[in-house]
Ligand SMILES: Nc1ncnc2c1ncn2[C@@H]1O[C@H](COP(=O)(O)OS(=O)(=O)O)[C@@H](OP(=O)(O)O)[C@H]1O
């Protein structure tokens, strides 16, 4: 049997309200609707499916104050994290949010109505007190504090919820289990004891050894229960992590491990967060919960010290585990002993034993540079997933952006560069010549500054998307304005390397060698606002390379560009 839910009853509001779904759907259409943020959606999903049992809605002022001050709801049940719905004055006025009113809660991603909230109260929290009591300080280097002060709105709305329909997910559906589903799963498997492991990071061999040991010590099974809602800014995206967990799962002894995803919005609240995590795992049927060193820690504070002591979280969970009815398993750091080719808990290793470790920084370095990641540290199938997510420079796209006067030779350089890159292979090469873009993307645009800027921003958008997809992009518009070129760089650099090449062939030379007679027409006033004649060209301030076709030939210029690309490892073969 799975562990009993916190408070004895699983508050599965989806199940409770399912018989009234059509009625609630119709009612929701008639009510003012509040569009929820990503964070609200995570909280809502876990209130509606019972992950936050015994909650049946967002906290009223009475519950909020009690949780902040005493780690308990007003009725005395343990609950360490405030779960609040924040709104601003305009939303209160526009939607008529007041005690007794009903509000539809809507999904920002697809506009579906998810729940109806019956407002009990609207209150203005003391955020500084909340930060200090919940997170331990008002230092906004803490992501939870930062959210509270900079993102959360001024008022909280408390009240009970009625569930209309589930949030739609499109990724890893087979791994998304509600508490009821997970409990049924454990019961089906006959699992009596389940040790839950919380994580927001990829898992390597040390984590596998640790969880297996934890399970064996309790004669239990393991639930890998990673957070796929919101984690710490800068974390590895959940898509990659879930692929890692899936790759790791077969490495557990036969039938020992299960994997389920938790759509939680973490607050990085250390001890209080650990206790909250334990409640959530109990609601999902776990009997044991692993709490490690610096559990849900947010990192360093403004004085460069950790926000929490390394074992604060363990101490708090320990204090309440009996009352809560879920047993904490302490996470001992697992260290590799090369002479025995095995992992051991840090506190059991005899002094003087040779050990090996790879730090997070070192791992990132090895992934970036393609250096070996040994099998004692991680399984090859896990490393493969991480490598796919950290392509080496030679596997990444880039953009070469040539700017210069009409007939400066930029188009010829672009074509010769295209041939050279095609010869070497490895990536698709995409050309965005000024003329092609004007014909395919910007037919309606003229040559005012506004139109030229819009033309360049379209080129930048396409170049950026192609760069993301791994192509070598060669763009060659006149692009006479610094600002537009800078924005193009910013846009592409979100996805890969950007090289600005100033084709600085002097205007006189461009004009002298113009076989198409375009400059002559511009001089004669037949073309107005022509760059170099009666419209400005701002020379780039920080080009990556300056070339000049009056002094160099196309071949030597292309060679210079190739050297530039090589210098960044983009053309490496090995
Ligand atoms: N007023 C004016 N100023 C500059 N250029 C003009 C103008 N009118 C037409 N053309 C022809 O349009 C081509 C340049 O367009 P671009 O898209 O590269 O210019 S920009 O980057 O948007 O400023 C370029 O053509 P190609 O040389 O065939 O590319 C110009 O000859």
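FYI, it's all coordinate maths here, none of it is from the lab. As the structure is a prediction and not an experimental result, all values here were calculated from the model. Neighbour counts are summed over all protein chains in view; Cβ atoms, including those assigned to glycine, are modelled from backbone coordinates with ideal geometry.
For this structure, a couple of remarks:
- Using the Cβ-Cβ distance between residue 461 and residue 482 with R0 = 22 Å, the FRET efficiency computed as 1/(1 + (r/R0)^6) comes to roughly 0.75.
- Between the alpha-carbon centres of region 255-271 and region 329-408 there is a gap of 23 Å.
- The mean sequence separation of alpha-carbon pairs under 8 Å and at least six residues apart, normalised by the residue count of region 393-567, gives a relative contact order of 33 percent.
- Between helix 482-493 and the chain: long-axis angle, C-alpha atoms, 0 to 90°, nearest 10: 50 degrees
- Peptide packing: for 177-185, 531-539, 341-349, the average count of neighbouring Cβ atoms within 10 Å per residue gives the ranking 177-185, 531-539, 341-349, highest mean first.
- Cα centroid separation, region 44-101 to region 410-431 (Å): 59 Å
- Counting neighbouring Cβ atoms within 10 Å and putting the fewest first, the residues 164, 335 line up as 335, 164.
- Modelled label positions at residue 395 and residue 555, each set 7 Å beyond Cα in the direction of Cβ, lie 3.6 nm from each other.
- One decimal place: the segment residue 538-residue 439 gains 33.2 nm when fully extended, by the rule 0.36 nm per residue minus the C-alpha distance.
- Rounded if a/c under 1.5, otherwise prolate or oblate - region 111-232, Cα gyration tensor axes: oblate
- Once C-alpha pairs closer than 8 Å and six or more residues apart are averaged by separation and normalised to the residue number of the chain, the relative contact order reads 12 percent.
- Peptides ranked, highest mean first, by Cβ atoms within 10 Å: ranges 443-453, 255-265: 255-265, 443-453
- Note on residue 75/residue 521: beta-carbon distance plugged into 1/(1 + (r/R0)^6) with R0 of 60 Å gives a FRET efficiency of 0.10.
- Arranged from fewest to most other beta-carbon atoms within 10 Å of their beta carbon, 191, 276, 376 become 376, 191, 276.
- If the chain linking residue 29 and residue 354 were pulled fully straight, counting 0.36 nm for each residue of separation and taking away their Cα-Cα distance, it would gain 110.3 nm.
- Packing-based order for 101-110, 517-526, using average beta carbon neighbours within 10 Å, highest first: 101-110, 517-526
- For the pair residue 548 and residue 132 in one chain, pulling the backbone fully straight at 0.36 nm per residue adds 143.6 nm over the alpha carbon distance.
- For the pair residue 300 and residue 237, a Förster radius of 30 Å applied to the C-beta separation gives a FRET efficiency near 0.85, rounded to the nearest 0.05.
- Using alpha carbons only: equivalent-ellipsoid semi-axes of the chain, gyration tensor based, whole Å: 54, 33, 20
- Cα-Cα separations in region 312-392 greater than 22 Å, expressed as whole percent: 49 percent
- Here each label is just a point 7 Å from Cα along the line to Cβ, and for residue 361 and residue 189 those points are 3.8 nm apart.
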